[in-house]
Amino acid sequence: MLVLRDAIVKMGGFPGGPLELFLHLHGHARASGKQYRVAFVPESVSYERVPGSFADLRNQTLREEQDIARALGHRKSISGGIRAIGWGLPGILAVRLLRPILETAALPLAVVGWLMGWIDPALAGLVLLSTVGIGMVVSMSAVILRELAEFGGSDPNRLAGLFFATIPENLGYRQVRNLWLIAGFFRSATRK
């Protein structure tokens, strides 16, 4: 996100990270009733460094989750109050905490239910298929949005490679990442 320096100074800088700054800016603009604009810039201006290892990826995920938890912790101090930010923060909470908890709990519960004879094997398979299938839909939606944003022609081989990469991504990495998201959120909640 690109933000004017005056707006950053007015909101008190980056005490809780970029997410909290964004929430402060949005809350202030909505509470004051002033017009503001958020523009989409399709070119890469800057972006976070790509993790070089699995440990770097884990640390980056934990850090992002801690930023979200800190923003939730400061929700009352956000400019314009919690009502000014609308559904943004609850939406982030649902996607980054509630969904991983529910998805992580559903898989072992389905296996235990199947092994104990409480649920039909087809239902246990449906739980696995639905979590993997929805994950693939989300992954491919991100690919499609990126293709639309780049305004360039699509390479069918590249798209096919990305599609087939969603299979192992959603049969292992997604489950590990869910654990990281949960751990990162609760890790920052226990730290002062």
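The values are calculated or read from the model by the stated rules, or taken from the named source; none is laboratory data. Quick caveat, the model's predicted, so the values are computed rather than measured.
Only one entry of 139, 154 meets the criterion of being hydroxyl-bearing (Ser, Thr, Tyr), outside any helix (DSSP H, G or I) and outside the structural domain of residue 67 (by TED's automatic domain parsing), and that entry is 154. Within the option set 158, 96, being within 15 Å of the chain's Cα centre (by Cα), charged (D, E, K, R) and at pLDDT 80 or above holds for one residue only, 96.
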